[in-house]
Structure formats: C-alpha cells, structure tokens
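Everything below concerns the one structure shown next.
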C-alpha cells in the first residue's frame, strides 16, 4: 500500500471525521497490523486481494497474539472504517469486513451511582473553600447534564445560556448538541462563575474556560478524576467510580424515571440508539436482582 494512500486516510480521519490524535493513532495502528500480517504470511498485499478469507485469517492471527475479544473487535472496526474510506474514494468496490462474522463481545453494564451515593459524595465537599465551590459545581454539571469529562473540562463561557437554561456542547467528532441545564446545576454554575471564578488570576489563553485550577489554567481530566476518587473514598463508596460514572448515572436515572430513549440519546450525543439502549438493559438487570432478593420463590 502506498504512503500516499495512508496519508490520505490520515487526513480523512483528522479533518473529515474530526478524531482526536489518540483515536487517529489507534486507527492507523489497526491498518499497520493488517499490513504486518500480510507481510508475515508472505501475501502480496493489495486492495484487490483483500477478501473475506484474508480477513478471516487475520482474525485468527490477532487471536493467536493473545488479544481479548474486545480488542479484536475494536481492531476489526478500524479495518472496516478503512475499507469504507476506500469505497467512498472509489478505490475498491466493496467492504470485505461486511462479509465476515466478527468476534462476539459481551456487553458490560456500566457502574452507576444511586442518588443517595451522589448525595454522600457531595456531603464530603468543603463548601467554604474555593476549590469546594468549584468541585460541587463540576459534579452537578457532570451528573445534571450527562457530560463526558472531556466536554466538562473543555466547557467555555460562550457555551452556557443561562437565560434559556441549556448548554451547547461540542462532543465527539466536533458534533454539537444542546443539553438542558437543570435548576441545581444552573444554581451552582452561577455561584461558581459569579463568585470564585471572578477572583482567579486567569492565564492568557484560558479565559474562556469555565473550570480552572488554582493557577488560573483550565482544569485537567486527571484532576477531575482524582477529585472524584477522593470524594468516593471519603464517602465510603466501594464502586469503581470515575467522572464517566456520573454520565451513566444521569442516563440511568432518566430511563428509570420514564424518559423517552430518543430524548436521552440526543442529550448524551449518541450516534446510535443501540448505544443508549444499554441503560434499558441496566434497568432490567436491576429488576431481576430485586426479584432474586425479595421474591419468596427465588
């Protein structure tokens, strides 16, 4: 395969798909694995010769490398994306990945916090400190708006519409979505923005970001993770909690309360409804556990 073709795919991932550098690197690594396989097996690699049989043997090859089913499926997803690009560019007539059975992976149910557990974590925050006011605000926005941690730390003042009660979020692939701003999250955003934030000496280039550290720079994802881990430990919660847990909790509590799944999909920014459907499975799992625990015939 020519370097020009690989460079074209690289440009497509960066500019048209709007992927992060880490995601781009992962996609390119998938293609390099396929190239390594064809070289290892002494295949004369060309786009025309990549058929379903070649890809079946490739799956066996990565399986022999000891990669888990999840990793195998992710690699094949990258290969499928590559051939979709080639088809779009009229460099091949079909996508051979569509002709094979991919490794089946179990769908893991996400960790979810109860409302009581979230309240317990919030109770550990020192609301008399500047950091405490900020941390409470971050948790209320994470849980109240269902944001990814990258969306939280990247949130800018221009994306908050206090009068209309919504946030304009820039999600994966630079896709925009509108998320309602609930009364509790709005209250803490106003407290933080009109109080603590105004007294921070903000570094040039960081003035638009909402959440800042004590040095006046945009807060990092790692710092948000550490703050949540600390609160979780102080609250005596044994679950494996991360910033994303609040997003899962946001969706689960909406679905449990009877929210329309399409509306939840829009608020989360999921491209496919099947991604959002996992929260209905979570509800079913909860019901099953309840029956096992309380029904006399269980």
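What follows is calculated from the coordinates using simple rules that are stated; it is not laboratory data. A quick note: this is a predicted structure, and the numbers were derived from the prediction, not measured. Backbone-built Cβ (ideal geometry, glycine too); neighbour counts: all protein chains shown.
Here the translational diffusion coefficient of the range 3-99 follows from Stokes-Einstein with Rh set to the Kirkwood radius across Cα pairs; for 25 °C and 0.890 mPa s it amounts to 178 µm²/s.
What list do you get for 65, 138, 267 if you sort them by fewest beta carbons within 10 Å?
Details: 65 11, 138 27, 267 21.
Least crowded to most crowded, the residues run 65, 267, 138.
Pairs of alpha-carbon atoms within less than 8 angstrom and 6+ residues apart define the contacts here; what relative contact order does the range 115-293 have, in percent? Relative contact order comes out at 25 percent. Taking every C-alpha pair closer than 8 Å and separated by at least 6 residues, the mean separation divided by the residue count of the range 3-99 gives a relative contact order of 28 percent.
Based on alpha-carbon centroids, what's the gap between the range 1-24 and the range 231-285 in Å, whole number please? Centre-to-centre (Cα) distance: 32 Å. If you fit an axis through the alpha-carbon atoms of helix 52-64 and take the longest principal axis of the Cα set of the chain, what angle between them do you get, 0 to 90°, nearest 10? Here the helix axis deviates by roughly 60 degrees.
Relative to the longest principal axis of the Cα atoms of the chain, the long axis of helix 278-294 makes an angle of roughly 70 degrees.
If you line up the long axis of helix 130-145 against the longest principal axis of the chain, both from Cα atoms, how many degrees apart are they, to the nearest 10? Approximately 60 degrees, to the nearest ten. Each principal axis of the Cα atoms in the range 115-293 has its own extent, and those three values, largest first, are 55, 37, 27 angstrom.
Computed over the Cα atoms of the range 49-151, what is the ratio Rg over Rh, Rh following Kirkwood?
Numbers: Rg = 22.7 Å, Rh = 17.9 Å.
Rg/Rh for the range 49-151 comes to 1.27.
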